[in-house]
Every structure is written in C-alpha cells, then in structure tokens.
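Engineer: Just passing along the structure, written as structure tokens.
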Amino acid sequence: MNKTDAFSNMKLPYALRPGTSLGRSVRPANRAGVRNAPKKRYSESMMRIPPVAKPSTPVLRHELGEVLRQLRQTRGLTLRDVSAKARVSLGYLSEVERGQKEASSELLASICYALEAPVSFVLHEVADRIAAVEGVVVPELVPDELLDSIDCAPIS
C-alpha cells in the first residue's frame, strides 16, 4: 500500500471532503438573477457624484525643477558640470529639472552644493512661485541684512 492509498481510505470530516464546502456544494449556484440584473445601476450612481475639481496648485517637483534649471543656466553651467560636481547621473539630474523625478533632501543638498546655492534659497524661490500661483502673499521672515550677505543671484 502506498501513501496515496492510505490517504484515500481515510475518513475526512464532511467539510473537508472533495466537492463540499461547509456542508454545501462547491458548484456555483444558479446565478440567473445576477446575470439578468440591469447593468446600468452602477454607472447611473457614478453619474450622480459631482466631479472633483483639480487643484490649481502646481506640482512641487515641477517648480523645483524649473528653479534648479534657471539657477544652473544663470550660473552658466551645463548639466554635465552640475552632475559631475553633485555626483548625480546626468540623466537623473535632467529628469529632476524636468519635474519627472522627485529629489530627495540629500540629492537636493548635493545639487545645491554643485550650484553653489543654499538649499534655503532654492526652497524659498519654489515657495514664492507656488504662493504666486495660489494668490497668497507670504510675508518675508528673513531680515534683508541676512539676504544681502548670501551670494545668490535672484531667479527670474
């Protein structure tokens, strides 16, 4: 007698026997009622939900990429120059500038180091752009003396 014969002769509880599920047949029930039900109920209910308006706030990574690109071009640097100094692949840096990839804080710090610009300056420029689109006036919190001491060309 092999193992399969030994197991086939065992008396299993009713729920575990082939073809049963907790005392009920495993075969699908007659689902004609479900098949013949009107199919437009779901789509009609979806039509009653008002569409959600898309926010007018720009995507952060797009604005950050534009600020980084303008800063790089203002400094007269190429993508190759910045990627070499920041130790970032040229393709990835290009994707960050185009807003296709998100820059981590470490990557942003590395790119800002290569551009010789403080991270705070870049983030401030991005915040100003988003505030302008949102129509929000953000008060200056940094004293003018401190801003004058930082050697950064404004981005326009």
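The values are calculated or read from the model by the stated rules, or taken from the named source; none is laboratory data. Please read all numbers here as calculations on a predicted model, not as lab measurements. When we count neighbours, we look across all protein chains shown, and the Cβ atoms used for this are built from the backbone with ideal geometry, even at glycine.
Engineer: Please state which one of Glu102, Glu134, Glu140 is at pLDDT below 95 and farther than 19 Å from Arg61 by Cα.
Structural biologist: Glu140
Engineer: For residues in region 124-140 being of a type in the set (A, V, I, L, M) and in contact (Cβ under 8 Å) with a residue 12 or more places away in the chain, which is surrounded by the fewest Cβ atoms within 10 Å (Cβ to Cβ)? It would help to see each step written out before you state the result.
Structural biologist: Quick first cut of region 124-140, residues of a type in the set (A, V, I, L, M) only: 126-127, 130-133, 136-138.
From the residues that got through so far, the ones that are in contact (Cβ under 8 Å) with a residue 12 or more places away in the chain too are 126, 130, 133.
On the way: Val126: 21, Ile130: 17, Val133: 12.
Taking the candidates together, the pick is Val133.
Engineer: Can you list the helices (runs of 4 or more DSSP H) found entirely within region 70-120 that contain at least 2 residues being under 22 Å from Ser149 (Cα atoms)?
Structural biologist: The qualifying helices (runs of 4 or more DSSP H) are 105-115.
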